[in-house]
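Participant: The structure that follows is given in the form of structure tokens.
The values are calculated or read from the model by the stated rules, or taken from the named source; none is laboratory data. Quick caveat: nothing in here was measured; it's all calculated off a predicted structure. Cβ placement follows ideal geometry from the backbone for every residue including glycine, while neighbour counts extend to all protein chains displayed. These accessible areas exclude ligands, DNA and RNA; they are computed on the full protein's heavy atoms, side chains included. Shrake-Rupley method; radii C 1.70, N 1.55, O 1.52, S 1.80 Å.
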Amino acid sequence: MVAAAKPKPARSKAKKERAKKPAAPKAARPLVDALAEAAWLEADLALAEALADFDELEGARDDADKAHAMVLLAQSLARAGRKRGLARLGILGATEPYDPSRHEYIAPGKPKTVRIKARGVARGGEILVKPRAGPSRRKKAL
Amino acid sequence: MSDWTLCIDFGTAFSKAAAAPTGAWSGFDPQTVRPLMLSGHEQQTNPFLLDSAVFVDDARILFGRAALGQAAASSDKRRLPLRSFKTLLSVSDLDRALATNAPTSVDPHRIFQMRDLIVLYLAFLLQTVERAAKADPALARVKEIRRRYAAPAWRSGDSAGMHTAVLGIFGEAEAFRAAMGDRLLAPEGLPIDVITSALPKAAPAAKPYEMDLIFEATAAASYTSIGLEDAGSHLIVVDMGAGTTDIAAIARAGQTAFELPEARVTFKQAGDFIDGVIANVVLDSAKWARSPEQKTALWTALMRQMRDIKETVFADGRAALRHEGRTLSLSMRDIERDNDFKEFIKGFERAYAQSLAVVRDDAKARGRPEVHAIAVGGGAAAPFVRALIAAKPKGGGPRVAARPATPDWAHAPSFQGNLAPVFPQLAIAIGGALAPDDMLAARAPSIPA
């Protein structure tokens, strides 16, 4: 006669049951998280490139090496931004009427016109960083 | 009437699917769009893309990402996964193409015809869609889901006429899927002896699959114009892919959309041709690469990075790349100066002008003031494509307005900025799910037109 199997503690049985079941599908996560994962997947690669490029820039021995490393770093960062759907706002050096809702003025005062010193960043219709602007003309030397 | 509509975009490299509530067209709410996570169970992969691949191994057949992994790990590098299903389903003599034996590089056992491998992949795809729909909280509760698939309007032969043949293949796939269930999704694939025993039984058990057909151009028209009060009556779609640049046009009267077949133009040069131009421009400028070995190594490196190079040079006007310790640079101007590229542009512009003339004539005849233009596919970001669709046509008549490749609604706050970056990859599936029935190219057999 086969000895009756010793009953196993309820907790371990439940554990076993759980182990039998296939893991809950990863697809059950919220849609927006999965979209973010998809959008970040390629941006991550570009960011990783940018980090490596930055090290090369820091370690550049001469101006030529530095210039090459800078170009590659800028390229990797721009690519990462594009993969996240970011777009640049404004044209470097352009003169525009000053609009505090569209420009971050980086000098004292409230000018009528400004010159774009650094482009802004937008995603869709949302401005994440306003274009940084300075005076449109240099003050005459006294 | 179905509660939801699900559209499968059976792509050359990846398959995608998306769903939307039936009737989403009127009172559109972007939040209701549900791209399906076909690869949601995989790690380190885009959860919305399913690799279109089948690999015949020694004793098993593997699908999707597992097929590509096994092919890469195979010691016999002459063995290849089958990937070009979409091309195969687009040939004019479909029956003959399907009855062809799979090449030995794909099936060294010489057991399977192309039809068998396509049926197997479609069974895998249908089971994957089923799993993703069940895992989606919005779709899991839905009782009835109507299905569609997207196909190019310009594929050879009569696209709508081929619908019946394609549904037959999907029907066999569905019968096989019903027999195999989740075994199709096992990462180790299915044993060949199981397949050779079950597959012959699937064909007699098959019923034509209940699925509608929507043209890819119509799907583009759908996602472009949904929710817009000023949606154009006419839309010209420029799809620059790898091998061909396909131009098609859709006209709308009310909610009914119909293709303008005379506007359909295929220009037999596209992304692959531009890749060659770019590689040659870089090779010509790399004077240090003299030996055939150096040139081959540079060509290989360029082709490996070509997607990034093109994206960067199209967006920024210039790109830099590293090769064997050197930094090489390339500008859009270098490309534009190339004679082959100039000829390519001439041909592309001719093809677009030919198609646009038909669309504008039709718009004029119907008293419509405007034609919308949109670029889709890999070439949508190319500056020469964007410039062409934004160009003002000469002479009077309907004006042309370029629409963005990613519609404004994809930037809706509910997506937290995450749909727009991946929208181009999912666009056709989403547009196909959103389109009203009147925009369909062909309906499932049980639904009267």
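Participant: Taking the alpha-carbon set of region B:313-449, what are its Rg and Dmax in Å?
Facilitator: Rg, Dmax (Cα atoms, Å): 19.6, 65.
Participant: I want to check the label-to-label distance for A:Ile127 and B:Glu188. Put each point 7 Å from Cα in the C-beta direction and report it in nm to one decimal.
Facilitator: That separation, rounded to one decimal, is 6.0 nm.
Participant: Something else: How charged is the neighbourhood of B:Ala444? Take every other residue with its Cβ under 12 Å from the Cβ of B:Ala444, and add Lys/Arg as +1 and Asp/Glu as -1.
Facilitator: Within the 12 Å Cβ shell, the charges total +2.
Participant: Between B:Asp408 and A:Ala52, how many nm apart are label points set 7 Å from Cα along the C-beta direction?
Facilitator: Between B:Asp408 and A:Ala52, the simple spin-label model gives 4.1 nm.
Participant: Under a 1.4 Å probe, what is the accessible area of the protein assembly as shown per residue, stated in Å²?
Facilitator: Solvent-accessible surface per residue comes out at 50 Å².
Participant: Right, here's the next one. Please build a GNM for chain B, connecting alpha carbons under 10 Å apart, and tell me which residue among B:Leu125, B:Leu228, B:Leu38 fluctuates the most.
Facilitator: Among B:Leu125, B:Leu228, B:Leu38, the largest mean-square fluctuation in the Gaussian network model of chain B belongs to B:Leu228.
Participant: If you don't mind, another one. So what's the back-of-envelope 222 nm ellipticity for chain B, counting only DSSP H runs of four-plus at -39500 (n - 2.57) apiece and dividing by all residues, rounded to 500?
Facilitator: Numbers: 13 runs with 181 residues, N = 449.
Helix contribution divided over all residues of chain B: -13000 deg cm²/dmol.
Participant: So which DSSP H runs in chain B come out at 27 Å plus along the axis (Cα) with average Kyte-Doolittle of at least -1.0?
Facilitator: B:114-135, B:159-180, B:292-316, B:339-365
Participant: Can you tally the lysine pairs in region B:4-214 where the Cα-Cα distance is under 23 Å and the two residues are eight or more apart, or on different chains?
Facilitator: Values: B:Lys16/B:Lys86; B:Lys16/B:Lys134; B:Lys16/B:Lys143; B:Lys86/B:Lys207; B:Lys134/B:Lys143; B:Lys143/B:Lys207.
Taking the Cα cut-off of 23 Å, the pair count is 6.
Participant: Can you give me the pair-distance distribution of chain B, C-alpha pairs, 20 Å bins, whole percents?
Facilitator: Taking every Cα pair in chain B, the percentages come to 24, 55, 21, 0.
Participant: Continuing with this model, one more query. If the chain between B:Gln416 and B:Ala13 were fully stretched, how many nm would it gain, using 0.36 nm times the residue separation less the Cα-Cα distance?
Facilitator: Result: 142.3 nm gained on full extension.
Participant: Return a whole-number percent for the relative contact order of region B:233-406, with Cα pairs under 8 Å and 6 or more residues apart as the contact set.
Facilitator: 28
Participant: Taking Rh as the Kirkwood radius computed over C-alpha pairs, what is the Stokes-Einstein D of the protein assembly as shown at 25 °C in a medium of viscosity 0.890 mPa s, expressed in µm² per second?
Facilitator: For these conditions, the coefficient is 92 µm²/s.
Participant: While we're here: Enter the Cα centre distance for the pair region B:271-315 and region A:49-93, rounded to the nearest angstrom.
Facilitator: Using only Cα atoms to place each centre, the spacing works out to 21 Å.
Participant: Still on this structure, please answer the following. Going by the alpha-carbon gyration tensor, a ≥ b ≥ c the square roots of its eigenvalues, is region B:191-332 rounded (a/c under 1.5) or, if a/c is not under 1.5, prolate (a/b greater than b/c) versus oblate?
Facilitator: The shape class here is oblate.
Participant: Starting from the Cα gyration tensor of region A:31-84, multiply each eigenvalue by 5, take the square root, and state the resulting semi-axes largest first in whole Å.
Facilitator: Computed over region A:31-84, the values are 29, 9, 5 Å.
Participant: Just grab the label-to-label distance for B:Lys201 and B:Ala179, each label 7 Å out from Cα along the Cβ direction, in nm (one decimal).
Facilitator: 0.6
Participant: At q = 0.08, 0.16, 0.18 Å⁻¹, work out log10 I(q)/I(0) for region B:4-214 with the Debye formula, treating every Cα as an identical point scatterer and leaving solvent out; two decimals please.
Facilitator: One equal scatterer on each Cα of region B:4-214 leads to -0.27, -1.10, -1.38.
Participant: Shifting gears a bit: Students sometimes get this wrong: rank B:Lys268, B:Lys394, B:Lys295, B:Lys86 by accessible area, probe 1.4 Å, all chains present, largest first.
Facilitator: B:Lys394, B:Lys268, B:Lys295, B:Lys86
Participant: So if I take the centroid of the Cα atoms in region B:121-135 and the same for region B:371-449, what is the distance between those two points in Å?
Facilitator: 26
Participant: Then there is this: Which value, in nm² and rounded to one decimal, describes the direction-averaged projected area of the C-alpha convex hull of region B:309-359?
Facilitator: 4.6
Participant: All other residues with a Cβ under 13 Å from the Cβ of B:Asp275 taken together, and with Lys, Arg as +1 and Asp, Glu as -1, what is their net charge?
Facilitator: -2
Participant: Under 15 Å from the Cα of B:Lys295, which aspartates and glutamates turn up, not counting those fewer than eight places away in the same chain?
Facilitator: B:Asp284, B:Glu324
Participant: So what's the gap between the Cα centers of region B:178-193 and region B:79-110, to the nearest angstrom?
Facilitator: Using only Cα atoms to place each centre, the spacing works out to 21 Å.
Participant: Taking just the alpha-carbon atoms of region B:233-406, what radius of gyration and Dmax come out, in angstrom?
Facilitator: 18.8, 63
Participant: Straight-line reach from A:Lys117: which aspartates and glutamates fall under 16 Å, measuring Cα to Cα and dropping same-chain residues less than 8 apart?
Facilitator: Filter leaves A:Glu96, A:Asp99, A:Glu104.
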